[in-house]
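Computed from the coordinates by the stated procedures, all read-outs in this text should not be read as laboratory data. Model, not experiment: these values are computed from the prediction. We place every Cβ from the backbone using ideal geometry, glycine too, and count neighbours over all the protein chains shown.
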Amino acid sequence: MQKNYYLYKLKSKIIIAMIAYFSENLWQVWAIVAMLCLILELFSGDFFILCFAIGAAVSLVCALVGASLTVQIIIFAVCSVLSLLFVRPVALRWFHRNDPDRASNAEALLGREGRVSEAIVAGGYGRVAIDGDDWKATSAEGGAIAQGTVVRVVSMESIILTVEPINP
């Protein structure tokens, strides 16, 4: 019973010491929050979490100046909301160019030009190189296309391109 009491007292002292350390060095907590938000933003890419990183960075500066925890939390909330209202729209416009019809992934290949890297046989398949990637391809007309011929992608089904030769 006595042993548990001393263990409890030791745990309490450790917790109190940790709380005292973090309350004196709260800027480190804000730095960790800002870094975590930036790392999460790398995976999302929609500039939403970036706004919280900005709020945490401003709160970090307030913590270094000596502001109270209440002031730091209020500043975090206000700066995050202001960033959502003003920074995020500008970042979206700048980086995403607000193009709703922006082609992505396989759709971006339609209309692109490439070179036949492995001859396309009549009624069969071959390979086409586009920007360093090699794709399985078939001819739009169903005819053969020789190796080295420049072609244009006219459609795509799954991972197989349908191409047509470009007349020089």
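Before moving on, here are some points about what is shown:
- As a proxy for reagent exposure, 164, 24 were ordered by neighbouring Cβ count within 10 angstrom, fewest first; the result is 24, 164.
- Mean separation of Cα contacts under 8 Å, 6 or more apart, over the residue count of the range 2-96: relative contact order %: 25 percent
- Per-residue Cβ neighbour rank within 10 angstrom, fewest leading, 11, 3: 3, 11
- Site pair residue 24 and residue 8 shows an inter-label distance of 2.8 nm when each label is modelled 7 Å from Cα along Cα→Cβ.
- The amide H of residue 137, built 1.01 Å from its N in the peptide plane, has 126, 127, 128, 161 as neighbours under 5 Å, considering only residues 5 or more places off or on other chains.
- Cα shape, the range 1-74, gyration tensor, a/c 1.5 rule: oblate
- Note on residue 122 and residue 141: the model spin-label points, each 7 Å out from Cα along the C-beta direction, lie 1.2 nm apart.
- Computed from the C-beta positions of residue 61 and residue 134 and an R0 of 41 Å, the FRET efficiency is 0.20 to the nearest 0.05.
- The value of relative contact order for the chain, using C-alpha pairs under 8 Å at least six residues apart, is 13 percent.
- Sites residue 107 and residue 38 - FRET efficiency at Förster radius 35 Å, r taken between beta-carbons, to 0.05: 0.70
- Extension reserve of the residue 17-residue 159 stretch, reckoned as 0.36 nm per residue once the Cα distance is removed: 45.2 nm
- Assuming charge only on the beta carbon of Lys and Arg (+1) and of Asp and Glu (-1), the dipole of the range 2-96 about its Cα centre is about 440 debye to the nearest 20.
- Cα-based radius of gyration for the chain, normalised by 2.2 N^0.38 Å, reads 1.89.
- When both the range 114-168 and the range 52-71 are represented by their alpha-carbon centers, they are found 57 Å apart.
- Computed [θ] at 222 nm, helices only, for the chain once each DSSP H run of length n ≥ 4 contributes -39500 (n - 2.57): -16500 deg cm²/dmol
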